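Quick note: the coordinates plus some simple rules give every number you see, no bench work behind them. This is a predicted model, so every value here is computed, not measured. Every residue, glycine among them, receives a Cβ derived from its backbone with ideal geometry; neighbour counts consider all protein chains shown.
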Amino acid sequence: MGDSNNKMSGARALIECLYREGVDTVFGYPGGAVLPIYDELYSSSIKHILVRHEQSAAHAADGYARATGKTGVCIATSGPGATNLVTGIATAYMDSVPIVAITGQVPSPMIGNDAFQEANITGITLPITKHNYLVQDVADLPRIVKEAFHIASTGRPGPVLIDLPKDITTDEIEFYYPESVELRSYKPTYKGNIQQIKKAADEISKSSQPVIYAGGGIICSNASDELLEFAENASIPVTTTLTGMGAFPGDHTLYLGMLGMHGTKYANYAIQEADLLIAVGVRFDDRVTGKIESFAPNAKIVHIDIDPAEISKNLKVNIPIVGDAKWVLKALTKVIKQNNTQNWINKIDEWKRKYPLHYMTDMSLKPQYIIEQIYEACNDAIIVTEVGQHQMWAAQYYKYNHPRTFLTSGGLGTMGYGFPAAIGAKVGMPDKTVFDIAGDGSFQMNSHELATVVSHNIPVIIAILNNGYLGMVRQWQELFFERRYSSTCIKDSVDFVKLAEAYGALGIRVDKPEDVRPAIEKAIASKRPTLIDFIVECEENVSPMVPAGAAINEILDLEVKK
Amino acid sequence: MKHTLAVLVENKHGVLTRVAGLFSRRGYNIDSLAVGVTEDPSISRMTIVVRGDDQVLEQVVKQLNKLIDVIRVTDIESGESVGRELTLIKVAADVNNRSEIIQIVDIFRARIVDVSAKSLIIEVTGDEDKIKAIEKLLKPFGIKELARTGKIALTRGSKKV
């Protein structure tokens with residue numbers, strides 16, 4: 001320290017900080033206020049993926065983070081660059097994904113003057129970041145970056161934004177990177193209270209009809225092995241939320257699939273008849289609980305979560321345990337006693353036989369069949385989705401056996417998330433086959449990223465389940481608005497195969513069931529960015545379904561209208 | 001039900017916005033909010049009077065604690081604390097009623113801090129009930145302007161929040 005060789009610009013210091021944090025890739029888009037940063041990136045070993053819209057940079061960082069477990073990084077310029085990140089940041093916030101977003105800002109003296117490309121991005125992102133910073137002195141920069149990565153990735157993870165005025169990036173500092181972070185006001189609780197854990201164990205031993213309701217928290221905390229061990233040792237069936245898919249092996253006999261609005265009947269029935277619910281890394285979201293007053297009416301509830309604010313937020317619970325899912329499940333597994341749940345499991349197996357997920361098979365091309373075929377062709381892929389019907393089918397008909405293999409915008413429900421997130425996932429996990437399962441509506445929200453995958457040669461496979469509708473909205477219009485399809489028909493908006501080809505990607509169209517598998521095989525074998533346009537049954541519904549406001553056992557089978 | 005929260009926060013720019021923003025976006029009602037630096041210049045103390053049942057209060061406290069810049073949140077119970085606020089009241093007064101007003105001011109151990117031909121400014125310190133009471137008595141004379149600091153509070157005895 002004090003060595004004049006360590007003198008460098010703020011921009012250089014930023015890159016140095018990223019390097020020290022182990023960042024190998026950033027997703028971004030240049031602009032005036034980040035010119036000095038991009039100049040440093042030019043000669044840096046950190047890979048920069050140039051997207052075609054800043055929203056995609058945030059989603060790609062998110063996809064990278066969810067797939068790898070590392071913190072994703074995105075960069076945008078001031079003003080519109082920064083505001084374009086907003087949807088991506090909000091998406092990451094709702095699903096607790098660790099990303100660090102770096103935005104350029106107008107020079108410090110101009111802040112507040114409505115300067116060219118000025119936006120108060122720390123103000124705008126206040127409610128959608130775990131924390132954010134406006135750097136006011138270049139000397140604070142290393143500490144702030146260190147804190148940002150620490151805050152983003154610990155406790156309940158989430159996005160952190162750093163707003164960097166242009167003059168800060170050109171000011172010089174004596175570089176020094178702090179070894180550790182000292183934040184007196186931020187100390188997440190990892191170890192659960194042992195008395196509470198014992199209480200939970202007591203309830204487990206008394207219970208004859210327990211269910212584990214596991215969510216994205218299991219994946220955040222890398223607790224899948226602990227969950228499996230706990231569930232097997234205690235013989236307790238497991239249902240997962242949308243963001244919890246892959247937290248428990250999809251082909252396990254104790255697995256009930258997803259619960260909630262489009263969950264399996266047997267998962268929902270099990271919740272409603274359970275005498276004990278062990279909720280881990282979940283937040284009792286309305287898409288899960290349906291009418292909250294009648295959710296798990298007979299069950300005592302144990303709630304394990306690292307965020308104390310989630311405890312009793314939506315539903316009063318009996319035994320709260322604040323702590324890291326991994327730590328708590330490990331501790332819980334140690335203290336549980338044998339209990340006999342065989343009758344309960346038999347009952348659930350009976351439901352599984354009676355009420356399986358199903359769809360009508362005929363000569364037409366069914367979206368569910370495509371998902372099954374993707375699973376058959378590649379059962380260890382990373383599946384990324386957009387939002388809508390295809391997302392639910394991807395959750396229902398693919399079996400996720402490993403964590404970090406199903407990436408989806410669960411909380412915010414962001415159409416357009418899937419493709420850029422798939423880019424991030426593929427960049428982070430290059431040896432994995434990555435599918436973006438998309439709808440024709442969602443895909444068009446960020447289809448310009450075809451340019452990114454082609455120019456960087458990122459071979460993701462886009463599987464569009466093309467039904468010519470904004471399908472989920474159309475489904476609701478069919479069911480609740482007398483089939484008045486207001487602004488949901490988007491038939492023939494574009495020739496997706498030609499679109500793919502125009503960007504230099506491989507395009508394949510499939511409209512017959514027998515062509516599905518060969519197309520998928522071809523896409524995988526091509527090792528090129530590939531788009532498959534599956535022309536599917538246009539008014540297929542996602543089934544079963546819990547109508548909004550109903551209890552989750554009031555779950556209906558929907559058949560396609562002829 | 002009203003609760004008085006003592007919230008210790010980092011004395012940095014933007015922290016007030018974070019706290020106020022939290023209340024508005026989660027739909028919590030603030031009755032009053034007073035902020036000032038503490039004996040430690042790196043820490044500010046916010047005293048927030050909030051209305052809500054126990055469940056709302058629990059959420060308010062937890063959500064406040066989630067903010068990175070919030071160091072500690074304490075629900076100060078009225079029985080075990082001293083709560084005060086300061087109010088300035090500009091009341092219409094002339095030769096005819098000035099002495100009557102001064103009597104009221106004396107009874108409340110308030111002070112007159114400004115006098116003009118047509119008005120007086122009264123400074124009164126106390127709990128909410130006391131301020132309400134003097135306000136009620138002064139009302140007939142004509143209150144022209146009133147400013148309140150909002151409540152601040154400390155727990156009794158040597159215990160700190």
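Here are a few things to note about the model shown:
- Neighbourhood charge, 10 Å Cβ-Cβ cut-off, centred on A:Ser312 and excluding it, Lys, Arg +1 and Asp, Glu -1: +1
- Those aspartates and glutamates that a straight Cα-Cα span of less than 16 Å connects to A:Lys206, excepting residues fewer than 8 apart in one chain: A:Glu273, A:Asp275
- Those aspartates and glutamates that a straight Cα-Cα span of less than 19 Å connects to A:Lys426, excepting residues fewer than 8 apart in one chain: A:Asp24, A:Glu54, A:Asp62, A:Asp380, A:Glu386, A:Asp436, A:Glu449, A:Glu521
- Computed from point charges on the beta carbon alone (+1 for Lys and Arg, -1 for Asp and Glu), the dipole magnitude for chain A about its Cα centre is near 1220 Debye.
- Total formal charge among the other residues, if their Cβ is under 15 angstrom from that of A:Gly88, Lys/Arg +1 and Asp/Glu -1: -2
- Proximal lysines relative to A:Lys7, as straight alpha-carbon distance under 21 Å, when same-chain residues fewer than 8 apart are discounted: A:Lys146, A:Lys166
- Förster radius 45 Å - calculated FRET efficiency between B:Ile30 and A:Tyr355, Cβ distance, rounded to 0.05: 0.35
- Long pairs among A:Lys313/B:Lys12; A:Lys187/B:Lys159; A:Lys330/A:Lys399; A:Lys265/A:Lys347; A:Lys191/A:Lys316; A:Lys70/A:Lys191, criterion Cα-Cα beyond 19 Å: A:Lys313/B:Lys12; A:Lys187/B:Lys159; A:Lys330/A:Lys399; A:Lys191/A:Lys316; A:Lys70/A:Lys191
- Using alpha carbons only, the radius of gyration of the range B:64-161 set against its Kirkwood radius gives Rg/Rh = 1.14.
- A:Asp380/A:Thr170 FRET efficiency (R0 56 Å; Cβ-Cβ; nearest 0.05): 0.75
- Note on A:Phe481 and A:Asp137: the extension gain reaches 118.2 nm, defined as 0.36 nm multiplied by sequence separation minus the Cα-Cα distance.
- Mean ellipticity per residue at 222 nm, deg cm²/dmol - from DSSP H runs of n ≥ 4 across the protein assembly as shown, formula -39500 (n - 2.57): -10000 deg cm²/dmol
- Cβ crowding within 10 Å ranks A:Glu40, B:Glu39, A:Glu174 as B:Glu39, A:Glu174, A:Glu40, fewest other Cβ atoms first.
- Fewest-first ranking of B:Val113, A:Val384, using other Cβ atoms within 10 Å as the exposure measure: B:Val113, A:Val384
- Cα convex hull of the range A:317-386, projected area averaged across orientations, nm²: 9.5 nm²
- Contour minus Cα-Cα distance for A:Asn401 and A:Asn343 (0.36 nm per residue): 18.3 nm
- Under the criterion of Cα pairs below 8 Å and six or more residues apart, the relative contact order for the range B:24-161 equals 28 percent.
- Rounded to 10°, Cα long-axis angle of helix B:128-138 versus longest principal axis of chain B: 20 degrees
- For the range A:46-51, putting each phi into the Karplus relation 6.51 cos²θ - 1.76 cosθ + 1.60 with θ = phi - 60° gives couplings of 6, 7, 10, 9, 7, 8 Hz, in residue order, rounded to whole numbers and with x for Gly and Pro.
- Listed from fewest to most Cβ neighbours within 10 Å, the set B:Asp106, A:Asp431, A:Asp440, A:Asp163 follows the order A:Asp431, B:Asp106, A:Asp163, A:Asp440.
- Nonlocal amide H pairs with A:Leu276, under 5 Å, H built at 1.01 Å: A:Gln209, A:Val211, A:Lys300
- Look at the stretch B:58-67: the mean tally of other chain Cβ atoms within 10 Å of its residues' Cβ atoms is 4.
- Shape box of the protein assembly as shown [Cα atoms, principal axes, largest first, Å]: 101, 66, 56
- Label-to-label distance, nm, for residues given as A:Phe116 and A:Asn457 (7 Å Cα→Cβ offset): 3.8 nm
- Label point distance in nm, A:Asn233-B:Arg148, each placed 7 Å from Cα along Cα→Cβ: 5.6 nm
- A simple charge model with +1 on the Cβ of Lys and Arg, -1 on the Cβ of Asp and Glu and nothing else charged puts the dipole of chain B at about 260 debye relative to its Cα centre.
- A Cβ-based charge dipole, computed about the Cα centre of the range B:82-154 with Lys and Arg at +1 and Asp and Glu at -1, lands at about 80 debye.
- Over the range A:4-174: Kirkwood hydrodynamic radius from C-alpha pairwise inverse distances, Å: 15.3 Å
- Ranked by how many other beta carbons lie within 10 Å on average, peptides A:63-71, B:49-57 from highest: A:63-71, B:49-57
- Sum of side-chain charges, A:Pro157 neighbourhood, beta-carbon under 15 Å (Lys, Arg +1; Asp, Glu -1): 0
- Over chain A, relative contact order from alpha-carbon pairs under 8 Å, at least 6 apart, %: 14 percent
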